[in-house]
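The values are calculated or read from the model by the stated rules, or taken from the named source; none is laboratory data. The model shown is predicted, which means the values in this text are computed figures rather than measured ones. Note that we place each Cβ from the backbone using ideal geometry, even for glycine, and neighbour counts take in every protein chain shown.
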Amino acid sequence: MRTITILYCLLITGCAAMAQNNYDASLIPKELMPYASAVLRNEEVTTEVKDLDNVSYHVKGAITVLNKNGDEMAHMVLYYNKSVSIKYVRGAAYNEFGKVISKFGESDFSDGKATSNSSLFDDERVKHYIPAITQYPYTIEYEYELKFKHTFYFRDWHPNPEAGLAVQKSSYTFICKPDFKIRYKELNVPNKVLTFTTKDAQKYYNWQISNVKASRDEVYSPIKPNSAIGVEIAPEKFQYFGIQGSFTNWEQLGKWMYDNLLAKRTDVPAETAQYIKELTASISDPKLKAKKIYEFVQQKTHYISVQVGIGGFQPFLASDVDRDGYGDCKALVNYTKALLKVVGIDSYYCEVKSGTAESESLQPDFASSTQTDHVILCIPFQSDTTWLECTEQKIPFGYLGAFTDNRTVLACTPGGGKLMHTPKYTFDTNLEKRTGLFTLGQSGELSGKMQTLFSGTDYADREDEIEKTGPERIKEVKHDYPINNMEIEKLEYKQEKSSMPVTTENVEFNATEYGAVNDGKFYFSLNSVDRYTHPLPRIRNRQNPVYINRGHTEEDEITYILPKGYHMLSEPLNLNLDKPFGSYKATMTVKGDQLIYSRKFQIKDGTYDKEMYQDLVDFYQSVVDADNYNVALAKN
């Protein structure tokens with residue numbers, strides 16, 4: 001009874017605060033101002049499950065924007081489709097004294113597709129509202145309700161998802177019938193959930209927070225602040241487009257997906273099956289068979305996005321892809337899986353969270369359908385496990401790249417879901433290795449040729465250039481190198497498309513006035529191809545640990561043929577740094593008329609103590625200084 005009373009009082013207090021609508025910015029507690037670009041004044045989020053195909057999602061709140069860095073936090077973005085409709089949306093804008101300056105409704109929102117132009121079948125749409133206010137501070141009050149026609153997933157609660165946002169007050173309430181079971185996961189929630197059941201047989205779950213300070217936006221920080229608060233909710237039983245199911249773990253979710261969304265969708269026409277058998281008849285190695293089939297799929301199909309109804313989770317029939325020659329990630333994985341099955345090769349349809357910003361893994365202890373947005377294929381050969389990205393027509397067999405490497409995925413198998421981990425491209429395999437032979441002319445001109453190898457996740461670094469031809473390609477490459485007045489005479493690319501692929505770039509060039517000739521002296525930049533110019537900002541009292549998402553290695557060896565009649569005036573560069581997060585070595589040696597410049601830079605991914613940030617700052621400052629080292633020659 002005491003829990004019910006406390007919760008009731010909290011809810012009433014929150015409603016009363018909103019009813020007052022006093023958004024004078026001076027009323028924001030002073031302790032919330034440090035590092036804040038915006039303050040969430042009060043937000044009440046409510047999810048109510050009325051039936052398996054009827055869910056209400058209601059949001060009412062207000063946010064005060066303190067400066068231009070907080071503008072984006074006041075943008076309203078509402079996604080909708082055939083299973084999610086917008087019942088209403090309304091709001092008002094207030095000046096710094098809490099006086100209304102404008103009101104808005106749904107007609108003031110822009111409306112457009114929520115996905116890219118590659119979406120052929122798409123009912124995903126989005127409404128945007130961007131306040132046109134430049135007088136700070138200002139407040140946006142908002143209220144909207146969405147209706148969901150399914151219970152497969154629910155919106156998570158993340159009241160302070162990014163740096164620079166303070167929270168004065170926020171609450172999340174989940175309402176359902178007592179027999180509707182949910183699982184939830186709390187993240188950094190200071191007050192645990194309060195629950196009670198009312199006389200009208202409604203069960204309430206409620207979370208409340210108040211006076212949460214903003215975290216500081218710091219470079220090399222985790223994508224989400226350490227102080228980010230969140231609650232994720234998943235149903236035990238659900239309905240999605242007329243299909244019912246239940247799950248409490250990944251095994252059960254994967255089983256439901258296989259049985260209801262994937263099974264009996266891999267049949268291909270008899271003539272296609274016969275062609276695939278003939279295509280691979282002379283190949284005995286199963287992995288080489290799979291490679292041949294993968295390349296066939298790449299030649300025959302292209303990617304489009306499908307975001308319509310159950311198509312958001314269910315792939316096209318393999319026979320439809322075979323006939324039409326296109327599909328989304330789900331359909332192309334399913335089609336490749338079907339063709340592999342023709343020659344007796346088993347494979348797994350795998351749900352994954354994609355993205356290059358950080359490796360995002362599924363949470364082993366909390367199964368939900370909201371943690372993935374992409375599908376890849378896994379082939380568990382006896383000797384090794386091969387992973388395939390089926391949406392790219394030019395990507396090598398067995399190569400994932402930064403989009404889906406190093407993360408936990410859900411493999412949907414006949415026996416149920418299995419958590420697996422994709423391979424990681426390490427700091428020493430993510431390599432950019434360059435050699436060059438350059439000649440410095442008497443008037444300061446530079447000419448030469450160089451070869452660069454890109455491997456690991458760096459393999460794709462020149463994809464934009466490779467896609468272009470003629471002058472556009474030349475223009476792109478000239479932007480890649482810090483050589484003024486660079487004119488490219490010859491440019492070639494070659495790609496070795498193995499499971500650890502390599503892109504090779506060969507460049508021949510010349511550049512006028514690279515070196516400066518003045519009063520019998522000759523000056524030029526030692527690192528002409530790959531230099532850092534901006535040190536890291538110094539941060540006092542850092543809040544976050546040092547997080548390096550992806551490591552890589554750069555190796556350069558450039559030989560300069562020096563102009564005749566000069567001798568070395570500069571002290572030779574010789575720097576060697578070795579830190580837990582990386583290393584750097586740069587040297588120059590002179591042998592006759594040749595100067596040999598060697599450079600190796602490595603940064604290692606990982607999470608490091610926040611006290612180590614100053615070491616990282618000093619490290620990069622030393623790298624910048626060495627990379628911008630100028631050589632001075634004097635006439636004999």
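For the range 192-219, filtering for residues that are farther than 21 Å from Glu48 by Cβ and acidic (Asp, Glu) leaves 2.
For (1) of a type outside the set (A, V, I, L, M, F, W, C); (2) under 24 Å from the mean Cα position of the chain (by Cα), each residue gets a yes or a no:
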residue: Ser85; (1), (2): yes, no
residue: Ala93; (1), (2): no, no
residue: Arg125; (1), (2): yes, yes
residue: Ile133; (1), (2): no, no
residue: Pro137; (1), (2): yes, no
residue: Ile140; (1), (2): no, no
residue: Pro178; (1), (2): yes, no
residue: Val189; (1), (2): no, no
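Taking the stated definitions as given, is Val529 in the same structural domain as Val507 (by TED's automatic domain parsing) and under 27 Å from Ser215 (Cα atoms)? The answer is no for Val529. Note on the range 213-241: residues that are more than 30 Å from Phe619 (Cα to Cα) and in contact (Cβ under 8 Å) with a residue 60 or more places away in the chain amount to 13. Scanning the range 569-589 for residues that are farther than 30 Å from Pro545 by Cα, surrounded by fewer than 14 Cβ atoms within 10 Å (Cβ to Cβ) and polar (S, T, N, Q) turns up Asn574, Thr589. Could you check Thr429 against (1) farther than 22 Å from Arg550 by Cβ; (2) modelled with pLDDT of 95 or more and say which number it fails? The failed condition is (1). If Leu377 satisfies every condition in (1) in a strand (DSSP E or B); (2) farther than 21 Å from Lys291 by Cα; (3) hydrophobic (A, V, I, L, M, F, W, C) but one, which is the exception? The number of the failed condition is (2). For the range 318-325, state whether one or more residues are closer than 24 Å to Lys113 by Cα and either under 26 Å from the mean Cα position of the chain (by Cα) or among the charged types (D, E, K, R) (or both). Yes, there is a match, as at least one residue in the range 318-325 is closer than 24 Å to Lys113 by Cα and either under 26 Å from the mean Cα position of the chain (by Cα) or among the charged types (D, E, K, R) (or both). Apart from one condition, Ile209 fits all of (1) within 21 Å of Ser368 (Cα to Cα); (2) of a type in the set (Val, Ile, Thr); (3) not in a loop (DSSP other than H, G, I, E, B); the exception is (1). Evaluating Glu472 against the criteria (1) charged (D, E, K, R); (2) touching a Lys or Arg at 6+ places or on another chain (Cβ under 9 Å); (3) in a helix (DSSP H, G or I) leaves one unmet condition, (2).
Filtered by the rule that a residue be over 12 Å from Tyr142 (Cα atoms) and among the acidic types (Asp, Glu), the range 88-107 gives a lone residue, Glu96. Is it the case that some residue within the range 197-220 is under 20 Å from Tyr79 (Cα atoms) and in contact with a helix residue (DSSP H, G or I) (Cβ under 7 Å, 6 or more places away or on another chain)? Scanning the range 197-220, I find no residue that is under 20 Å from Tyr79 (Cα atoms) and in contact with a helix residue (DSSP H, G or I) (Cβ under 7 Å, 6 or more places away or on another chain), so the answer is no. Among residues of the range 616-636 that are under 21 Å from Tyr220 (Cα atoms), those with a Cβ under 7 angstrom from a residue that is among the aliphatic types (A, V, I, L, M), sequence gap 6+ or separate chain, pair up as Leu616/Leu536; Leu616/Val546; Val617/Leu536; Phe619/Leu577; Tyr620/Leu536; Ser622/Leu575; Ser622/Leu577.
Meeting the requirement of 1 or more residues that are within 20 Å of Arg434 (Cβ to Cβ) and at pLDDT 95 or above, the strands (runs of 3 or more DSSP E) wholly within the range 564-636 are 574-579, 582-591, 594-603, 630-635. For the range 403-410, the count of residues that are more than 18 Å from the chain's Cα centre (by Cα) and at pLDDT 95 or above is nonzero.
One residue stands out among those in the range 64-90 that are touching a Gly at 6+ places or on another chain (Cβ under 8 Å), among the hydrophobic types (A, V, I, L, M, F, W, C) and outside any helix (DSSP H, G or I): the one that is surrounded by the fewest Cβ atoms within 10 Å (Cβ to Cβ), which is Met76.
In the range 592-619, how many are under 16 Å from Gly551 (Cα atoms) and charged (D, E, K, R)? Of the residues in that region, 3 qualify. Within the range 511-560, the set of residues being more than 23 Å from Ala626 (Cβ to Cβ) and aromatic (Phe, Trp, Tyr) comprises just one member, Tyr547.
Residues in the range 410-428 that are of a type in the set (A, V, I, L, M, F, W, C) and closer than 17 Å to Leu262 by Cα: Leu410, Ala411, Cys412. Out of Val333, Val342, one residue alone is in the same structural domain as Gly415 (by TED's automatic domain parsing), among the hydrophobic types (A, V, I, L, M, F, W, C) and either buried (at least 24 other Cβ atoms within 10 Å of the Cβ) or under 17 Å from the mean Cα position of the chain (by Cα) (or both). It is Val333.
Restricting the range 329-354 to residues that are among the hydrophobic types (A, V, I, L, M, F, W, C) and part of a loop (DSSP other than H, G, I, E, B) leaves a set whose member that is farthest from Thr408 (Cα to Cα) is Val343. Quick check on my filter: what residues within the range 148-184 are small (Gly, Ala, Ser) and outside any loop (DSSP other than H, G, I, E, B)? Scanning the range 148-184 gives Ala166, Ser170, Ser171.
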